[in-house]
Amino acid sequence: MATHNKAFIFDMNGTMIDDMAYHAKGWYNILTDDLGSTLTFEEVSKEMYGKNSEVMERVFGKGKFTQEEMDFWSIEKEKRYQKAYLPQLKLIEGLQAFFDVAYTAEIPMSIGSAAIPFNINFVLDNLHLHKYFKAIVSADDVAISKPHPETFTKAAELMGVAPENCIVFEDAPKGVEAAQNAGMQCVVLTTMHEAEEFSQYTNIICFVKDYTRLSVETLLKTNN
């Protein structure tokens, strides 16, 4: 039973923080320099979705690495990413004010991300954001990554809000697809992808480059 009319679910990387270029560089270095892939930087960038283990299996095939090896390289990649990105770590423009308005209005908010807790806490701890979120769903909390809807339906369940009353904030086509599969509308951040890359989806409310002109009040009036 829904206890609120609307709730917000935020993807993190590329949606709350503009860090995807740093993830791409981290993956490229691991996959090519350490693991011997011959993919170009552009090819690596296209494979960066889902869990870290899924990325490695897409590039090298299943069975190439043990689970222990994948866990090691997953954390190693994130350590390199965090070291490189920390001096630049900040919320996308306008998001702090957006959070404050939504929080004051007691709108439930959660994170639904394919990131591991190690990276989610890196952002929430350093930017002091924990108080804003009623729930956090990470890569460790789901069986199947986006575009499967579990990430978002689980976040809705944890907030006590019906899926159709949730608005998702995403930056990637696979994430928008996951929201659509969950029966949720979506605001798309064009940090890494252009609007035309989302033409197949019917659940998009709007495209924005940041949060400076995005109104919490207007979103609350969005029809499902």
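All of the numbers you see were taken from the coordinates with simple rules; none came from a lab. Predicted model, so just to flag it, every value in this text is computed and none were measured. A quick note on method: Cβ atoms are made from the backbone with ideal geometry, for glycine too, and the neighbour counts reach across all protein chains shown.
Taking the C-alpha atoms only, the angle from helix 150-159 to the longest principal axis of the chain is near 40 degrees. Please work out whether segment 20-87 counts as rounded, prolate or oblate from its C-alpha gyration tensor, where a ≥ b ≥ c are the square roots of the eigenvalues and a/c under 1.5 means rounded, while otherwise a/b larger than b/c means prolate and anything else oblate? The shape class here is oblate. Report the local net charge at Pro149: Lys and Arg +1, Asp and Glu -1, summed over other residues whose C-beta lies under 15 Å from its C-beta. Once all neighbours under 15 Å are counted, the net charge is -4. One chain, two ends: Glu43 and Asp71. Fully extended at 0.36 nm per residue, the span grows by 7.9 nm beyond their Cα-Cα distance.
For the chain, modelled as a GNM whose springs connect Cα atoms under 10 angstrom apart, the maximal fluctuation among Leu31, Leu89, Leu39 occurs at Leu39. From the alpha carbon centroid of segment 54-110 to that of segment 159-196 is 17 Å.
Subtracting the Cα-Cα distance of Ala195 and Lys134 from 0.36 nm times their residue separation leaves 19.0 nm of extension gain. Helix 95-104 axis versus longest C-alpha principal axis of the chain: approximately 40°, rounded to the nearest ten.
When the pairs Lys134/Lys221; Lys79/Lys131; Lys25/Lys62; Lys64/Lys154; Lys46/Lys209; Lys83/Lys154 are compared against a 27 Å limit on Cα-Cα distance, Lys64/Lys154; Lys83/Lys154 fall above it.
Against the longest principal axis of the chain, how steep is helix 67-85, in degrees 0 to 90 to the nearest 10, with axes from Cα atoms? Once rounded, the angle reads 70 degrees. Fully extending the segment from Ala143 to Asn181 would add 12.1 nm, taking 0.36 nm per residue of separation and subtracting the current Cα-Cα distance. Summed over qualifying helices (DSSP H, 4 residues or more, each -39500 (n - 2.57)) and divided by its residue number, the chain shows a 222 nm mean residue ellipticity of -11500 deg cm²/dmol.
The amide H of Val168, built 1.01 Å from its N in the peptide plane, has Ile9, Gln185, Cys186, Val187 as neighbours under 5 Å, considering only residues 5 or more places off or on other chains.
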